[in-house]
Amino acid sequence: MRVTVIGSGYVGLVTGACLADVGNDVLCLDVDPAKIALLEAGGICIYEPGLDEIIKRNVEAGRLRFTTDVRRAVEFGTLQLIAVGTPADEDGSADLQYVLGAARNVGKYMNDYKVVVDKSTVPVGTAAKVNAVILAELERRGLEIEFSVVSNPEFLKEGGAIDDFMRPDRIVIGSDDQNAIHIMRTLYAPFQRKHDRLLIMDTRSAELTKYAANAMLATRISFMNELALLSEKLGTDIELIRQGIGSDLRIGWHFLYPGCGYGGSCFPKDIQALLRTAAGVGEELKVLAAVDQANERQKSVLVDKVVARFGEDLTGRRFALWGLSFKPDTDDMREAPSRVIIAALLRLGACVVAYDPAAIDESRRIFGGGDDRLSYADYPMVALDGADALIIVTEWKEFRSPDFQTIKAKLKTPIIFDGRNIFDLHDDGLKGIEYFGIGRVSG
Ligand code: UGA
């Protein structure tokens, strides 16, 4: 099939590359000429394991192309996949200007039947708006061309996006147009596994499904984080409690890991947007508001522990910080707890030496070079030289089994603040180290 992907950001690129990989002809559009030039030259501007190889082999096979030419892009695909950003507006609601701009372009240039697919995370009612915008453009052109707008939200996780796309748990299709549903079925046929993964529903329910999934996942995390605070006070171990409840099939194992808060481009933004949507129809989502508040508080728990141990004035103190990205296997620092933690430590007078396998450049971009109390190390152990303590913020695999002897030798005082509970409390290596986890008291 001929597929146009409008927006070559994270979702657009993964979608375009994976659809090309199963044999479709894909043309990815973006307004940013530098991005398109880079992609055409075989480069890629985001960090996602496996994506560069898929792009490379499909570009070489001639199935994946890139353009900044809007007319060409719209004329190309029977399917027009809208995968542009929906940043937060000033009040937290989703800003639809890019989605509706894409719709306008489709209406402006289309000359034959199109299935227009919303892949961006968009509030309930957006498919209807996209429909209206395209209709208005066609009317302006004095044309009557058939088209159908489908809601097909994306459930990709950064760091695992290729696998999520290739082996989806479910594919949500919001449409009541049988022809469009048939085309979407054909598009996704290569990704169906043993049983049907397609869930067909109305567009509004499909739109809400996306927010509901993220809200539920965030709720589980905030619940566990709050329980972790209680656990510390009671002298219990949240990791044992996690195992105790996760083994209940009704609860399950996923997204029960307490930590120093969730971040990323989705959970925080989507929760705000859903709260705004609810407020717009006179509903107050009390649980969800609390999920967000609990997470804001959670981002500071490591700093609270540092202050409890070293006092309010951290002048002259130096901290090694492992992990800048909001989670492993990405260089993304949007809403990352590390940002809150670093800012707080600097504010309290401390120096921070940070290490991350992928996000140092991003951190430099965010924090700038203005404060020489924030510096970076090329290797995790180098960050420890002369530091008062090690603070672990992201659970990259390479942090999980460090040489504890080296840690002890390099730190001024052997203290670890572990924001992701990556060590076993009974690990012999931790002997002689003051260890502060989340929701568990060592010793
Ligand atoms: C999330 C969802 O998991 C995807 O299904 C969804 O498609 C995506 O948002 C989106 O809306 O685009 P992502 O933000 O990439 O994906 O990352 P997650 O793996 O979900 O992690 C989010 C945050 O939760 C991270 O900061 C992570 O450290 C934290 N987390 C996750 C926990 O603190 N505990 C857990 O048990 C799991």
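Within segment 371-391, is even one residue in a loop (DSSP other than H, G, I, E, B) and within 16 Å of the ligand (Cβ to nearest atom)?
The initial filter retains those residues of segment 371-391 that are in a loop (DSSP other than H, G, I, E, B), namely 371-373, 377-379, 384-388.
Remaining after also requiring within 16 Å of the ligand (Cβ to nearest atom): none.
No.
Taking each residue of segment 156-180 that is in contact (Cβ under 8 Å) with a residue 24 or more places away in the chain and hydroxyl-bearing (S, T, Y) and looking for partners that are surrounded by fewer than 16 Cβ atoms within 10 Å (Cβ to Cβ) and in a loop (DSSP other than H, G, I, E, B) with beta-carbon atoms closer than 9 Å, six or more apart or interchain, yields S175/D202. Of note, R204 does not satisfy the criterion of being touching a residue at least 24 places away in the same chain (Cβ under 8 Å), assigned to a helix (DSSP H, G or I) and closer than 15 Å to D292 by Cα.
For R339, the stated conditions hold: it is closer than 28 Å to T121 by Cα and of a type in the set (K, R). On the given criteria, is L314 within 16 Å of the ligand (Cβ to nearest atom), touching a residue at least 24 places away in the same chain (Cβ under 8 Å) and not charged (D, E, K, R)? Spelling it out, it is not the case that L314 is within 16 Å of the ligand (Cβ to nearest atom), touching a residue at least 24 places away in the same chain (Cβ under 8 Å) and not charged (D, E, K, R).
Within segment 317-340, restricting attention to residues that are of a type in the set (A, V, I, L, M, F, W, C) and either part of a loop (DSSP other than H, G, I, E, B) or within 16 Å of the ligand (Cβ to nearest atom) (or both), which residue is surrounded by the most Cβ atoms within 10 Å (Cβ to Cβ)? The residue in question is L324. Do you know which residues across segment 405-429 are within 26 Å of A336 (Cβ to Cβ), of a type in the set (A, V, I, L, M, F, W, C) and in a helix (DSSP H, G or I)? Correct list: I407 only. Considering each residue of segment 102-112 in turn, none proves to be at positive phi, over 23 Å from the mean Cα position of the chain (by Cα) and of a type in the set (G, A, S).
Among the residues making up segment 259-273, those that are more than 14 Å from the chain's Cα centre (by Cα) and either more than 7 Å from the ligand (Cβ to nearest atom) or part of a helix (DSSP H, G or I) (or both) are C260, Q272, A273.
Computed from the coordinates by the stated procedures, all read-outs in this text should not be read as laboratory data. Values in this document were obtained by computation on a predicted structure and should not be read as measured data. Quick reminder, even Gly has a Cβ in these numbers, built from the backbone with ideal geometry, and neighbours come from all protein chains shown.
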